[in-house]
1. Would you please put 382-389, 263-270 in order of how densely packed they are, using the mean number of other Cβ atoms within 10 angstrom per residue and starting with the highest?
2. Could you order peptides 208-214, 37-43 by the average number of other Cβ atoms within 10 Å of their residues, highest first?
Amino acid sequence: MAADFDEEGRLAGETITRQSSNPGMALGALFFALAVLVLGLFWYASARKQNRPQNVAEETFATARLQPGLGFNATPAPAPPQNKFVIPPPVVVNDPPPAPKAEPFDDSEAKRLAELERLRKEAEAKIQARLRSPMLIVSDKEGLTNGDPSKVTAEDKEEDPHRRFLANSEHQVTKAYAEEVRRPDALVPQGYMIRATLETAIQSDLAGMVRAITTEDVYSFDGRRVLIPKGTMLTGEYKSGLAYGQTRVFVVWTRLLRADGVSLMLQSPGTDALGRSGLTGEVDTHFLQRFSSATLLTLAGGAAQFASALGQNYNQYQGQQFVLDPASGTLIPLNAVSQGQILLNARQIGAQTVAQSVTRMAQEALRNDIKVPPTIHIDQGTPVIVFVKRDLDFSDLYPDPVKEALYELRHPK
């Protein structure tokens, strides 16, 4: 037994020694327990404060009062806005438009604009040429407010035509810039004459269309290739309403069409073999139509006047009576008028009236018929010439020979 008590005392001492040998663990456990206790007290105090009823002394009572503007017909006040979070509607985003497809580049519009610009420059050049004309035009309607009165007065007093010409020529000189022809192998220059033959006849009473066929090949400016082959069709228009004494028909050739389908706008005038503008043919002046009716009416009027004069002479000598004066031996005409004389006077008046009416009719007929213009007849098969008014460019149809030569040099076979 003594041994057991000794063993238990030894074990108790070892246990105490082991617990005292680790003091940090015991201290941590103590702090943890204190923290749990403090948190529990804090939670208990806050929960009790929320559940505690309010003090009766702190409550406020409001008695019933008559509010201003309050009645049975009063409009109720608008409800206070609700303080709610409003979700905006979703924004619908449209699909982006599809990207435009790239179209093939067409330079026809650029060519058209370039052609219009060239025509505008030509019109300006013509205006400048008219301004430099030696003719002097003076108008009394224009005032002197647009210029210097002294200069206008000096020009009005100038009567020497040479000095006027010198004064009008003292304008700014316009410059003409030289341009290089890039493709002489595909160019028919301005002023070239295209020879052709008419396929349709022309009568100038009414305006119409005309067609012709070229009779020879037209080469390029440098003679390298044929640009307008023989047999190319030409179409144009001719003008009607000729003036008195005119013997030519003005023809404008508008289009050229080759056998391979190549078309080109010409807008060039037609000339004869010597380059004179217009086409000549058989001229019908309508002489009988213009003067036949007037001639017949004039003859009728002359016959009426002759009858009137004849009746007047017959009346003068047949209807008069004379009495012999015994003192002087002379014949004295009597004033008595017989019935035959009255009839003769009536016929005379009628003949004069008819003659005057016929004369007026002849004048009116001549005035209308004299306005008939002449008619020009040109048969088919007549040789014609087209005077090229502007450069004809075929460069889009043929390759550049210079580039072809360079390609052959760089890529020998």
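Just so it is clear, none of the values below were taken in a lab; they were calculated from the coordinates. Quantities reported herein were computed from a predicted structural model and do not represent experimental measurements. Note that each Cβ is placed from the backbone with ideal geometry, even for glycine, and that neighbours are counted across all protein chains shown.
1. Numbers: 382-389: 18.9, 263-270: 16.9.
Packing order, densest peptide first, comes out as 382-389, 263-270.
2. Numbers: 208-214: 17.4, 37-43: 10.0.
Put in order of decreasing packing, that is 208-214, 37-43.
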